[in-house]
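Step one of this worksheet: look at the structure below.
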Amino acid sequence: MERPLVASAVCLLSGVVLGEAWTYYPLTTLGVMGVGGGVIYKRFRRQWNHWVFLAVLGLVLIGMIRLQIATRTDSSDDLARFATREPVRLIGVIDEPLRHGPESSLVFVAARGIVRGGDEVPVRGRVRITVRDLVPDLEYGDSISAGLRLRPASGLRNPGGFDYAAVLRRDGIRALATVHRPGEITRLSTGGLAPLRRIYAWRERIRQRLDGALSPVSSAILQAMLIGETGSLTPEIREAFMISGTTHLLSISGSHLALVAFVVFHLAGRILRRMPARWLLFLSRRVTLTRLAVLTTLVPVVFYTLLAGGQVATVRSLVMILVYLAAVWFQRADDPLNALAVAALLIVSWDPRAVFAISFQLSFIAVLAMALIGMKGVGGPTEPASRVESEPSRAERLFKKLRAYWGMTVAAGAATLPLTAFYFNQIGWVGFLSNPIVIPIIGMVIVPLGLVCSIGAILFDSTTLPLAGLNDGLVRGLYRILEGFARLPASELHVPSPPAPVLAAFYIAGWIGLSPRPGRVWKGAVISLWLLIITVWIAGLWTGHSDGRLRVTFLDVGQGDAAWIEMPDGKTILIDGGSAHGNFDLGRLVVAPYLWDRGHWRIDTLVASHPQRDHMGGLIYIARKFRIGEVWTNGLEKNADFYDRFREMILEKGIPEKRITGDGLPKPFGPARITTLHPAVGTDLKSVPSRLSDNDQSLVIRIEYGREALLFTGDIERPAQRKLLRWGGRLKATVLKVPHHGSRSSIDPDFLSQTAPAAAVISVGANNPYRHPSPETLAAYDSLGARLYRTDRDGAVRYETDGIRRTLGTQADLAPRPVPWGWGMTAVEGSNLKKLFSRGGAARLDKG
């Protein structure tokens, strides 16, 4: 078998993927394994003996079993059992360095026990504690006791959305908590590995030096690049790197470590070759200069990994670098595929869940593409020996290296393009221009200089950063370059996530296109099929949405509101956009990706029900990134930063604004009608703050289509609901968006009696501090006989009607259930398969 290490890695990775499928589709997985095994046996039966086939099967089974073991939890001592928001005392050990942001710090604790009612119960699992508005005097290795209210490690659930809960599970985090007072966490003792405590203490001192010596932008960027601290990165910085295709440079990943290893290795080689001849002779008797350069490279690379906090993605990159250095040591560096295979075997054997991490996929795909391109040769055809008359000049050698470097960069960018489109709904074509320029600047100038100055400040106990002005100027210059790339025409191309068949076709075609064996006919057929699938996918981006059906999606935006409406004639409306605070912008994280995923780049009507952060905050990003036909507001002004930025964005883009009042006059939207019912005509919102709260001045909008009607109520409470009773039968709705997240203050029996909904949707955050929805709200809607949907439990809620019949479904309905072995397993697996291939299933997989 050619390249047995590569084949072993493929088998193990296949086993991990099949192990994930086994949980939900065991019978289908068995069928796939049977068919795949038969195809492999038929293809290789004359080349492999039976032992090889057994080894292949064994590695696949090992991958499946390893994943099942890694994802299994013992409920008896699972920390998640205590994530009920009831007060408990946690006993545990801080197992990684703290992460800091401008308004909070994150503390990661390996739990040892829970004290409740005087008894300590042993538990397992990690807790992420968010410490607000202060920097805790804690560090790695500290044993702590903390009085907390633990909540489940969950995320928002939307069609095609990012599965944050899966990321937390992969990191072993079983509960979350928030602390506002320093006295809630007590240090019991210090511990941990002494070298790690020293390095992590240096890391914290470097962070403080950067914060004190550099401008905020330069400090945030250098902290991310030097020590892996990303908490200070603003949305503007992240966006500039994202649009310019260089966001990978903000995390200490394979590119950073590879550049550090490259610089140190070649610098060590040059220094060693300039040593006195007597020393060289002495060393060459024991070890070659190449191996000595490898040993010299190990120390700074490992140190840099630890200085960056030893985060999972960084350690995975370190494994890849160490494997390659081992290949250089054993003179096997000419075959990078084997080195990559060994790295994959080590990483997946240690943590099989890494296969599903974005960083793992992007890193390995990029390195694999560069390896394949390098093996094909990107320097162009070489001349036969007989025709070579002289050695190439220095300029020719430099040009050849630059061409090879550019080819590698383009290969990595092209290989990761489908994944970035899938995960981030963006095609970063600008990266093909920016990366060849920016990567050398960062890897050979900014990062080495920043590391030397930072470590020098620590070693010499300096209170400031040496060459602070130079570091600041270089980083600011880099940032201006990236901003320039980000401003290029059409630099920001957002697309729906490519379906799984398109991803598979892309990589299969790429592999075959680079393979040296298949003939041109076979390659041409596969590439033609790939182009056909891509064409079909791209054509689908501009498919119209006007099919005569009314669709509404109540997005899961936590403790806030956001409803996306597709009218029967294809017009679109967005009512509210969730909250936005710092980096936590639900317009950017939830609403915009959902719209791009469905092929929408224009919103005909943007509705801000009332100026509160949990409704209007996310609309700032939406107004900036989408073409907006018009904006509806209630006219109320607010002395708040989010309101000012929303107004500035509307004025900057010249979006027409309409102040909407409850005139009760239906407005036609194709075959549907929209009626605004509140606030009342003639109400001077500025003069009645004492009589009507901000909540009670929310826009109330009714959409009617055929026999169906929906009522969107914002945050209105009893006073506004009493005023709305004047509309009588016009309040009736088949589906009601429950006012004010289901609060106790928003229940009026007469209002509920007039609306008489068949279904009601509560947009509410899981484990919110307001304890919404209230028990009284739940009881009131239960007494009406209305079917109640909650975004905190059901995720996004989708409504669809042709004006006669309606369907309602939830994101939770689309989640597959683990299949229990027994007589009923076929029914459960059948249901899972139906969910997978249903609308919003296979083509809109959650991204974790």
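Per-residue packing, averaged as other Cβ atoms within 10 Å, sorts the ranges 400-406, 27-33, 39-45 into the order 27-33, 400-406, 39-45, beginning with the highest. The angle separating the long axis of helix 312-329 from the principal Cα axis of greatest extent in the chain is about 20 degrees.
For region 183-249, compute Rh as the Kirkwood radius over C-alpha pairs and then the Stokes-Einstein diffusion coefficient at 4 °C and 1.567 mPa s; write the answer in µm²/s, rounded to an integer.
Answer, rounded: 93 µm²/s.
Exceeding 32 Å between C-alpha atoms, which entries from my cross-link table qualify? They are K625/K658; K42/K835; K653/K737. Provide the component values of the computation, followed by the final result.
Details: K625/K658 20 Å; K42/K835 34 Å; K653/K737 30 Å.
Checking Cα-Cα distances, K42/K835 exceed 32 Å.
Which is farthest toward the positive dipole end of the chain among I40, V828, P300, measuring Cα position about the Cα centre, with Cβ charges +1 (Lys, Arg) and -1 (Asp, Glu)? Value computed over the given set: I40. Packing here is the average count of other Cβ atoms within 10 Å per residue, and on that basis the peptides 635-647, 281-293, 439-451, highest first, run 439-451, 635-647, 281-293. Taking a ≥ b ≥ c as the square roots of the Cα gyration tensor eigenvalues, with a/c under 1.5 meaning rounded and otherwise prolate when a/b beats b/c, else oblate, which class fits region 278-437? Here region 278-437 falls in the oblate category. What full-extension length gain, to one decimal in nm, is calculated for A110 and D569 as 0.36 nm per residue of separation minus the Cα-Cα distance? Separation in residues times 0.36 nm, less the Cα-Cα distance, equals 159.8 nm. The peptide list 562-568, 215-221, 575-581, 595-601, put in order of mean Cβ contacts within 10 Å with the highest first, becomes 575-581, 562-568, 215-221, 595-601. Calculate how steeply helix 431-441 sits against the longest principal axis of the alpha-carbon atoms of the chain, using the helix alpha-carbon long axis, and give the answer as 0 to 90 degrees to the nearest 10. Its long axis makes an angle of about 50 degrees. Of the three principal axes defined by the Cα atoms of region 406-447, the extents in descending order read 33, 20, 13 Å. Rounded to the nearest 20, the Cβ-based charge dipole of the chain about its Cα centre (Lys and Arg +1, Asp and Glu -1) stands at 2000 debye.
L586 sits among other residues whose Cβ lies under 11 Å from its own Cβ, and their net charge, with Lys and Arg +1 and Asp and Glu -1, is -3. Rounded to the nearest 20, the Cβ-based charge dipole of region 395-500 about its Cα centre (Lys and Arg +1, Asp and Glu -1) stands at 380 debye. For region 215-323, the dipole from Cβ point charges (+1 on Lys and Arg, -1 on Asp and Glu) about the Cα centre works out to 940 debye, to the nearest 20. The fraction of Cα-Cα pairs per 10 angstrom bin, counted from 0 for region 52-111, comes to 16, 25, 27, 18, 11, 3 percent, rounded to whole percents. Computing FRET efficiency as 1/(1 + (r/R0)^6) for K732 and E630, where r is the C-beta to C-beta distance and R0 is 35 Å, gives about 0.80.
What's the extension gain from L503 to T190 if we count 0.36 nm per residue and subtract their Cα-Cα distance? Intermediate values should be presented prior to the final figure.
On the way: separation 313, 0.36 × 313 = 112.68 nm, distance 4.87 nm.
Full-extension gain reported as 107.8 nm.
According to the square roots a ≥ b ≥ c of the eigenvalues of the Cα gyration tensor, what is the shape class of region 146-196, taking rounded for a/c under 1.5, prolate for a/b larger than b/c otherwise, and oblate for the remainder? If you can, show how the numbers build up before the last one.
Values: a/c = 3.74, a/b = 1.68, b/c = 2.22.
Since a/c reaches 1.5 but b/c is at least a/b, the shape of region 146-196 is classed as oblate.
With unit charges on the beta carbons (Lys and Arg positive, Asp and Glu negative) and the dipole taken about the Cα centre of region 276-373, which residue among L345, A327, L283 sits farthest to the positive side? So the residue we want is L283. Extension gain, T178 to A70: 0.36 nm times the residue separation minus the Cα-Cα distance gives 36.1 nm.
The residue list G654, A509, P775 was ranked by how far each Cα lies along the charge dipole of the chain toward its positive end, using unit charges on Cβ atoms, and A509 comes out on top. Under the Kirkwood approximation applied to all pairs of distinct alpha-carbon atoms, what is the hydrodynamic radius of region 693-848 in Å? The Cα-based Kirkwood calculation yields 17.2 Å.
When a/c is below 1.5 the answer is rounded, else prolate if a/b is larger than b/c, else oblate, so apply that to region 99-229 with a ≥ b ≥ c taken from the square roots of the Cα gyration tensor eigenvalues. It would help to have the intermediate numbers written out before the result.
Numbers: a/c = 1.89, a/b = 1.24, b/c = 1.52.
It comes out oblate by the Cα gyration axes.
Note on the chain: Kirkwood radius taken over Cα pairs, Stokes-Einstein applied at 20 °C and 1.002 mPa s, translational D equal to 71 µm² s⁻¹. Angle of helix 336-350 to the longest C-alpha principal axis of the chain, folded into 0 to 90 degrees and rounded to 10: 50°. When the Cα atoms of region 549-642 are aligned to their principal axes, the ranges along those axes come out at 39, 27, 21 Å in descending order.
Read-outs: derived from the displayed coordinates by stated rules, not from any lab. Quick caveat, the model's predicted, so the values are computed rather than measured. Every residue, glycine as well, gets a Cβ built from its backbone with ideal geometry; the counts of neighbours run over all protein chains shown.
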